[in-house]
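Presented below is the structure to which this report refers.
The values are calculated or read from the model by the stated rules, or taken from the named source; none is laboratory data. The shown structure was predicted, so the numbers you read here are calculated from the model rather than taken from an experiment. All Cβ positions, even for glycine, are placed from backbone atoms using ideal geometry, and neighbour counts span all protein chains on display. For accessibility, only protein heavy atoms count, side chains too; no ligands or nucleic acids. Shrake-Rupley method; radii C 1.70, N 1.55, O 1.52, S 1.80 Å.
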Amino acid sequence: MTLINRLPTRTWNRLGVNETALSWDENGTTEIPPLTVDVTEREKVVRVEVNGENEFSRKKVTVNAQSESSVTVIEVLSAENNLAVETELNVKENALVRLIQVQRSGEKSLVYNKVTSSCDKNGRVELLQVFPGKGDIYSDSLIELTGDKSSFKSDIGYLGQREQTVDINLVVNHYGKSTESEINASGALKDSSSKIFRGTIDFKTGSSDSVGNEKETVLMLGDGVVNKTVPLILCAEENVVGNHGATIGELDDETLFYFESRGIGKAEAENILARAAIERLARETGDEETEKLIIKILDEDL
């Protein structure tokens, strides 16, 4: 067993959110050739499709964004078995990296998605993750805002269905002065799916005048779903601002009546609402090819 998705500060063990034990066959893992992307220009777009064809597959992607450069990296994670992908982002001064990740995997698959990033002065990372509801997804992101005025924004959309597991951990460490972070997550849970979302904003000593915000919106569409939301703010610096919150709800009678008055039954209404967060992010990718792919994945299952 490998322990992943660890909270920086432990809470009660009985809650079952401190970390996750992942079963992974290291000896039987096939290493997919790594990819390194060096970026020296502006507005570059890089497309990466990772296919986990073996029982256990692993690949590493490294993005080096030099000063004053900007790049959009679009990763499609495809698997029918077990796939581990690590993406490392090195963001130099005044550089921008936008990472878009789309899970495209089979119902019985498992994807372990790890993202690490360091940002120099005025560097910025924008992370958009789409997990549309096929196969188990374990996502572990660590963002280091080391330079002054560096920043990070994430938008995460997920859909849990059947007996799927959605297990997400996102940690943002503020080291530099006047750094900013924003964590947004939203999704829906159906059938007997389960989800954990851990969002941590950690203001380290020396990160004065920094700001961090996080929020999650969860729609629960079944009596058998399990939701665990863990927003966490840690602080070792006085002059900072941190906010967190979560909204968790169900399909209420008023909303159901609204749909039924328009000839839409409960099952179809649930599908419409379950798609909402994913479709919104599909539009925000700003890439027509990626948007069509996400909608296609949704259409196959909903």
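Could you compute the net charge surrounding ALA21? Neighbours are other residues with a C-beta less than 12 Å from the C-beta of ALA21; K and R count +1, D and E count -1.
Details: positive: ARG6; negative: GLU19, ASP167.
Computed value for this residue: -1.
Quick one: which residues, 5+ away or cross-chain, put their amide H under 5 Å from the amide H of THR62? H built at 1.01 Å from N.
Residues meeting the criterion, in which the H sits 1.01 Å from N, are LEU35, THR36, VAL37, GLU88.
Would you work out what percent of the accessible area of the chain, with all protein chains in place, is carbon or sulfur (probe 1.4 Å)?
Details: 6110 of 13680 Å².
Here it works out to 45 percent.
Along segment 46-51, what does the Karplus equation 6.51 cos²θ - 1.76 cosθ + 1.60 (θ = phi - 60°) give for ³J(HN,Hα), rounded to whole Hz, x for Gly and Pro?
10, 10, 10, 10, 9, 10
Run the dipole for the chain about the Cα centre, Lys and Arg Cβ at +1, Asp and Glu Cβ at -1, nothing else charged, and hand back the magnitude in debye, nearest 20.
420 debye
Helix 288-301: angle to the longest alpha-carbon principal axis of the chain, degrees 0 to 90, nearest 10?
Taking the Cα atoms of the chain, the angle to 288-301 is about 30 degrees.
Check each of the GluC sites (Glu not before Pro) in segment 24-71 and keep only those in coil by DSSP with at most 15 other C-beta atoms within 10 angstrom; list them in order. Mind dumping the intermediate values first?
Values: sites: GLU26, GLU31, GLU41, GLU43, GLU49, GLU53, GLU55, GLU68; in loops: GLU26, GLU41, GLU43, GLU53, GLU55, GLU68.
Here the sparse-neighbourhood loop sites are GLU26, GLU41, GLU43, GLU53, GLU55, GLU68.
Give the residue list of chymotrypsin sites (Phe, Trp or Tyr not before Pro) in segment 221-300 that are DSSP loop and have at most 11 other beta-carbon atoms within 10 angstrom. Mind dumping the intermediate values first?
Numbers: sites: PHE257, TYR258, PHE259; in loops: none.
Here no loop site has a sparse enough neighbourhood.
Please go through the residue pairs LYS108/LYS153; LYS59/LYS292; LYS44/LYS296; LYS44/LYS228; LYS121/LYS228; LYS195/LYS296 and name each one whose alpha carbons sit more than 29 Å apart in this structure.
On the way: LYS108/LYS153 31 Å; LYS59/LYS292 25 Å; LYS44/LYS296 25 Å; LYS44/LYS228 38 Å; LYS121/LYS228 35 Å; LYS195/LYS296 23 Å.
Over 29 Å Cα-Cα: LYS108/LYS153; LYS44/LYS228; LYS121/LYS228.
Lys and Arg at +1, Asp and Glu at -1: add these up for the other residues within a Cβ distance under 13 Å of LEU110 and post the number.
On the way: positive: ARG58, LYS108, LYS134; negative: ASP25, GLU55, GLU80, GLU107, ASP136, GLU163, ASP167.
Value of the local net charge: -4.
Loop-only trypsin sites (Lys or Arg not before Pro) in segment 1-54, please: DSSP not H, G, I, E or B, and at most 12 other Cβ atoms within 10 Å.
Values: sites: ARG6, ARG10, ARG14, ARG42, LYS44, ARG47; in loops: ARG6, ARG10, ARG42.
Passing both the DSSP loop test and the Cβ count: ARG10, ARG42.
Note the angle between two axes, namely the Cα long axis of helix 266-284 and the longest principal axis of the Cα atoms of the chain, as a number of degrees from 0 to 90, rounded to the nearest 10.
20 degrees
Tell me the per residue accessible area of the chain using a 1.4 Å probe; a whole number in Å² is fine.
Working: 13680 Å² over 302 residues.
It amounts to 45 Å² per residue over the chain.
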